[in-house]
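K.L.:
Okay, handing you the structure first.
Only the coordinates and a few stated rules stand behind these numbers; no lab work does. Computed from a predicted structure; not experimentally measured. Note that each Cβ is placed from the backbone with ideal geometry, even for glycine, and that neighbours are counted across all protein chains shown.
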Amino acid sequence: MSEGALAGVRVVELGHGIAGPFAARLLADLGADVIKVEEPGAGDFARRLEPLVVDRAGTESSALFEYLNWNKRSVALDLRTDEGSAAARRLIGGADVVVESFRPGRVEGWGLGQAALRAANPALVVTSVSNFGHDGPCADWLGSDLVFQALSGVLQMSGTSDREPLKRGLRQSLYAAGLTAAYASIAAHYASLESGAGAHVDVSIHECLASEIVLNEAYYMSMGAVQGRRPPRRDPLGGPLGGGDPIPCADGYVALQISGVVSVADLAGLLGEPRLAGPEFATSEARLEHADELNALLARRLEHERGRDFFLRASESGYLTGVVQGARELLECSQLRARGVFHSFPDLPGLEFPAVLAQLSRTPTAVRRRAPRLGEHTEEVLAERREPKATPAPARNGKPAAPLAGLRVLDLSYVFATPYLGGLLADLGAEVIKLEAPHRLDQTRSSFSPFFENDPGEEFWDRAGVFHVVNRGKRSLSLDLGREEGRDVLRELVRRSDVLLENFTPRVMWKWGLTYDELAALNPALVMLSNTGYGSTGPWAGFRAQGTTLEATMGVSHYAGYAGGVPAKVGQSYPDFLACWTGLTAVLAALVHRRRTGEGQWIDVGIYQLGAAMVVDALVRRQANGDDSQRSGSEDIDAILSGVLPARGEDRWVAVSAGSERELEALRATVPGTDAPARADALKALARWAAGRDAREAAATLQAAGVPAGAVLDQRDLLADPHLRARGFHEWIDCGRGIERPIIGRPYRWTSEASSVAIRGCGPDFGEAADYVLRDVLSLEDDAIAALIEQGVVTTAPTSPAPVQPLDLDVMVRNGALARVDVDYLRLHGSPLPEPAGGGRR
């Protein structure tokens, strides 16, 4: 078995539950030596999470604990005692990374706070994973999956506008936070290798979800538009803010999405329905007006076709489509089997776990051992001696440096997941050059994006809000890769670069002679990431995909929906974020490996297979108990009493989740009538209490009593939220042309004497870096540069941009595509962030 990318890295895990342990396990899968410190006799409470399974030795354990903790060693230490705390400090003295996930202040009370640990081990990275971060007015608040989704803005956009906001199923926010903590830890470790100084990475689970609305926040910061929940009558095929809704078929549900490549008229042939080519379905506005007719037509055409059959038929013909799948279908899926996603243990018969997120060609992730018994390795680990790290080197030029300063990234990708990955690498200090086709605008420059002040202007491609958010801090070179001369320029850039990102379907790079093997022949140290819908191998490798349809296929939609209702699409572009965070984890790990060995490698990310890791609760439950998780609306799956209740005001809601007997008793002591024996009666009493209160005040009252709760916030609320403001979650960026806007940064705070992370600037103007790249990077002569420009291989403006129009905001509000438009949003310009309430609306 090959060494992992993080071979030689030691990680000490202090914590419990899901998010922190999942982050540490991802580091272990990549080759790190992870030591899990647990309380003697009790251990991580995840050891008791259901479903419980019995191994061949007759030992009962939690299937989820097994999933979260393989590849680790367990040490039993009582950190509340001087002896246990001292033993932990000795362990940490020789470690590279600590991942801790206790409530803020807990480890400080044991003498294990990040400041003390880093003083003793200056190169140490301490990653803290908590509900709301380690500072800010809500740092001590209690959280749950439901509460995180409420306070992040995700809940407000999910469900239908005639009903309460709808939660994403299961407890996926905790796994998403684990992914974020993993990539941020590796970035900080890379920085410590460069500078000799460690960092404190303060990861907020709440902010991990809030960072998922960067696309929606762009609508507000660009033109004051607030997205709400989808109207009951909606366009299932797509639009500025829609698409991907499950459509009934013979045995379940499918999803369809139109795009710049596939139009509604094209669907007429696929479905054998000429009326789809008519003018009443040609635009999003027209489809919304005729939504009932469109949905009925689609249902009739699909009522006799099985969902999987339709998905395969449509995908093989090049359409963007998905099929709603649950645990059973995922476990039986030939694509996941071909990709080697699942792993089983000989002593846990009948259980398979999703074990592969990204495929790394030189250092593949591996499951080397099953989860440890409590304290199984105490003597072994404590007997080991590992020297403390050296004292830090001085910061470069006496100033904190960016972690990835000096690295060059070539970004060939389009739309969202991979471009956003590149933007976050730019935040970390890499020079990111976006390579754009002269004849094909990135959708985030055109049809996909709102424009500042809803005014496209003459050069609309440089005024697109989403583009600036996703591609912040990059340079732009317009290069025609369809021509050999353009590919020659790319090859020369590859010789001088460290990372290449691309998200074409697999055949494109092969057709161009730009596969990893061909590029690695030019630069053996190249790290290349290919992000596709289904991965570069397997029977579905050639299928086109988009986040809107993948959400159904990867299992997310199956577990979202109102209780007793149909599957639902929730949030916005959720699969793209999973791909972004997974890709960052893999790229950063590959860079650590490259720094140690000089070797590059190819990273193959298939977004589809990431779904299995997010719905693992349902997968293990089906295998252990034979049943499937049910759609439960906006309940937390592990809560005793939870729900979303209307508060005072129009479309204002508060989320409440009592997950333990102590929290339930606190709720009963605070809200009269919630001690009713019937759950429905208790929720009615809670609803009566919330109805006369401001949502924020109600949530604060419950939190003060010890009950997890949160107001359901929208995009404007997030900009005004005191906690997010205190944590600097939004960063003000000069977008050029006198336009300043607040942009979502990252879901963690980075503190280090030697490195800093920040948004480095707005997105680039189209082709603005031609002279810099050709002259300064490639050292081309004037006549060679002139020839490339004269031939149209390099351009400084798009060659054939399709005209765009301002969005008709009044119509979008009227048909429910937007909840409202705040006409005073420009108060943001040149001033502090807005107040939570007030201002004109229409």
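K.L.:
Within the chain, which cysteines find no other Cys whose Cβ is under 4.7 angstrom from their own?
P.N.:
Cysteines lacking a close Cβ partner in the chain: Cys138, Cys208, Cys249, Cys333, Cys580.
K.L.:
What is the packing order of peptides 776-786, 123-133, taking the mean over residues of other C-beta atoms within 10 Å and listing the highest first?
P.N.:
On the way: 776-786: 12.5, 123-133: 26.8.
By packing density, highest mean first, the sequence is 123-133, 776-786.
K.L.:
With 10 angstrom as the radius, rank Thr515, Thr365, Thr180 by how many other C-beta atoms surround their C-beta, starting from the fewest. Kindly include the intermediate steps, with their values, before the conclusion.
P.N.:
Numbers: Thr515 17, Thr365 22, Thr180 30.
Result, fewest neighbours first: Thr515, Thr365, Thr180.
K.L.:
Could you work out the percent of alpha carbon pairs in the stretch 728-819 separated by over 21 Å, rounded to a whole number?
P.N.:
Percent of Cα pairs beyond 21 Å in the stretch 728-819: 64.
K.L.:
With bins 10 Å wide starting at 0, give me the P(r) of the stretch 153-279 over every alpha carbon pair, in whole percents.
P.N.:
10, 26, 28, 21, 11, 4, 1
K.L.:
For the chain, what does the helix formula give at 222 nm: sum of -39500 (n - 2.57) over DSSP H segments with n ≥ 4, over the residue count, nearest 500 deg cm²/dmol?
P.N.:
Numbers: 32 runs with 291 residues, N = 842.
Using -39500 (n - 2.57) per qualifying helix, the result is -10000 deg cm²/dmol.
K.L.:
Let me ask another. For the stretch 247-323, what are Rg and Dmax over the alpha carbons, in angstrom?
P.N.:
11.7, 31
K.L.:
Still on this structure, I have one more. Using square roots of five times the C-alpha gyration tensor eigenvalues, list the equivalent-ellipsoid semi-axes of the stretch 1-160 in whole Å, biggest first.
P.N.:
On the way: eigenvalues 129, 103, 59 Å².
The answer is 25, 23, 17 Å, longest axis first.
K.L.:
Using θ = phi - 60° and the Karplus form 6.51 cos²θ - 1.76 cosθ + 1.60, what ³J(HN,Hα) does each residue of the stretch 423-436 get, whole Hz, x for Gly and Pro?
P.N.:
x, 6, 5, 5, 4, 7, x, 5, 7, 10, 10, 8, 9, 10
K.L.:
Let me ask something else about it. By DSSP, what percent of the beta bridges with both residues in the chain are antiparallel, rounded to the nearest 5?
P.N.:
Details: 40 of 87 bridges.
Roughly 45 percent of the DSSP beta bridges within the chain come out antiparallel.
K.L.:
Based on the mean of other beta carbon atoms within 10 Å per residue, what is the order of 609-616, 44-51, most packed first? Intermediate values should be presented prior to the final figure.
P.N.:
Values: 609-616: 25.9, 44-51: 18.0.
For the peptides 609-616, 44-51, the packing ranking is 609-616, 44-51.
K.L.:
If a paramagnetic tag sat 7 Å from the Cα of Leu52 along the Cα-Cβ line, which residues of the stretch 623-665 would have the backbone N under 17 Å from that point?
P.N.:
624-626
K.L.:
Something else now. When averaged across all projection directions, what area in nm² does the alpha-carbon convex hull of the stretch 560-670 cover? Walk me through the intermediate numbers first.
P.N.:
Details: hull surface 47.9 nm².
Computed as one quarter of the Cα hull surface, the answer is 12.0 nm².
K.L.:
In what order do Lys511, Lys399, Lys684, Lys474 fall by count of nearby beta-carbon atoms within 10 Å, going from fewest to most?
P.N.:
On the way: Lys511 11, Lys399 8, Lys684 15, Lys474 24.
Ranking Lys511, Lys399, Lys684, Lys474 by Cβ neighbours within 10 Å, fewest first, gives Lys399, Lys511, Lys684, Lys474.
K.L.:
Sticking with this one: What residues have an amide H closer than 5 Å to that of Trp653, excluding those fewer than 5 places away on the same chain, when H is modeled at 1.01 Å from N in the peptide plane?
P.N.:
Counting only residues 5 or more places away or on other chains, the set is Ala647, Val712.
K.L.:
Taking just the C-alpha trace of the stretch 639-712, give me its Rg and Dmax in Å.
P.N.:
Every Cα atom of the stretch 639-712 included, Rg and Dmax give 10.8, 33 Å.
K.L.:
So for Glu329, Glu3, Glu790, fewest C-beta neighbours within 10 Å to most, what's the order?
P.N.:
Working: Glu329 17, Glu3 14, Glu790 9.
Exposure proxy ranking, most exposed first: Glu790, Glu3, Glu329.
K.L.:
What order, most packed first, do the peptides 73-81, 578-586, 356-364 have when packing is the mean number of other Cβ atoms within 10 Å of each residue? Kindly include the intermediate steps, with their values, before the conclusion.
P.N.:
Details: 73-81: 18.7, 578-586: 28.2, 356-364: 21.3.
Top of the packing list down: 578-586, 356-364, 73-81.
K.L.:
For the pairs Lys167/Lys684; Lys434/Lys511; Lys72/Lys167, note any where the Cα-Cα span goes beyond 28 Å.
P.N.:
Values: Lys167/Lys684 19 Å; Lys434/Lys511 21 Å; Lys72/Lys167 32 Å.
Over 28 Å Cα-Cα: Lys72/Lys167.
K.L.:
Which one of Ala695, Ile739, Leu778 has its Cα pushed farthest toward the positive end of the charge dipole of the stretch 658-808, where Lys and Arg give +1 and Asp and Glu give -1 at the Cβ?
P.N.:
Ala695
K.L.:
To the nearest 20 debye, what charge dipole does the stretch 639-712 have about its Cα centre, counting +1 at the Cβ of each Lys and Arg and -1 at the Cβ of each Asp and Glu? Could the numbers behind the result be given before it?
P.N.:
On the way: 9 positive and 9 negative charges, 21 e Å.
The calculation lands at about 100 debye.
K.L.:
Something else about it: Roughly how many Å is it from the Cα centre of the stretch 680-741 to that of the stretch 328-373, as a whole number?
P.N.:
Each part reduced to its Cα centre gives a spacing of 39 Å.
K.L.:
Which of (1) 27.4; (2) 36.0; (3) 28.3 is the computed Kirkwood radius over Cα pairs in Å for the structure on display?
P.N.:
Here Kirkwood radius over Cα pairs in Å agrees with entry (1).
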